[in-house]
Amino acid sequence: MTSRTDEALGYEQARDELIEVVRRLEAGGTTLEESLALWERGEKLAKVCRTWLEGARRRLDAALAEEEDDEQGEGAEGAG
């Protein structure tokens, strides 16, 4: 479950923290418990990033659809 503070993270903040989590996991030298906590944090951060990217994709798709509708409307007006 993602906490409210995670939801308040911006994409760049979540991404940067996720990069740090991955770096720490790859470096090793942590206990099993620390590694599990880092992994869980990384999963939460990845979800925050995914949510931001999905939202951006929806906005982009909507903008492109609106632009396409506008172009089709202008073509119909010029035909008459």
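Assorted remarks:
- Where a residue in the range 33-55 is within 14 Å of L9 (Cα to Cα) and its partner, wherever it lies, is open to solvent by 80 Å² or more (accessible area, probe 1.4 Å) and outside any helix (DSSP H, G or I), with Cβ under 9 Å and at least six apart: K44/M1
- Comparison of A37, A56, A27, A14 shows that the only residue that is at pLDDT 95 or above, touching a Cys at 6+ places or on another chain (Cβ under 9 Å) and small (G, A, S) is A14.
- Flag if D70 is open to solvent by 60 Å² or more (accessible area, probe 1.4 Å) and modelled with pLDDT under 95: yes
- Filtered residues of the range 21-46 (kept if out of contact with any helix residue (DSSP H, G or I) (no Cβ under 8 Å at 6 or more places or on another chain) and open to solvent by 80 Å² or more (accessible area, probe 1.4 Å)): R23, E26, G29, L32, E33, E34, L36, E40, E43
- Residue in the range 52-67 that is more than 24 Å from D6 (Cβ to Cβ), of a type in the set (D, E) and either within 14 Å of the chain's Cα centre (by Cα) or open to solvent by 80 Å² or more (accessible area, probe 1.4 Å) (or both) present: yes
The values are calculated or read from the model by the stated rules, or taken from the named source; none is laboratory data. Source: prediction; values computed, not measured. For neighbour counting, all protein chains shown are included, and Cβ atoms are generated from backbone atoms with ideal geometry for every residue, glycine included. We work out accessible area using only protein heavy atoms, side chains counted, and drop any ligands, DNA or RNA first. Shrake-Rupley method; radii C 1.70, N 1.55, O 1.52, S 1.80 Å.
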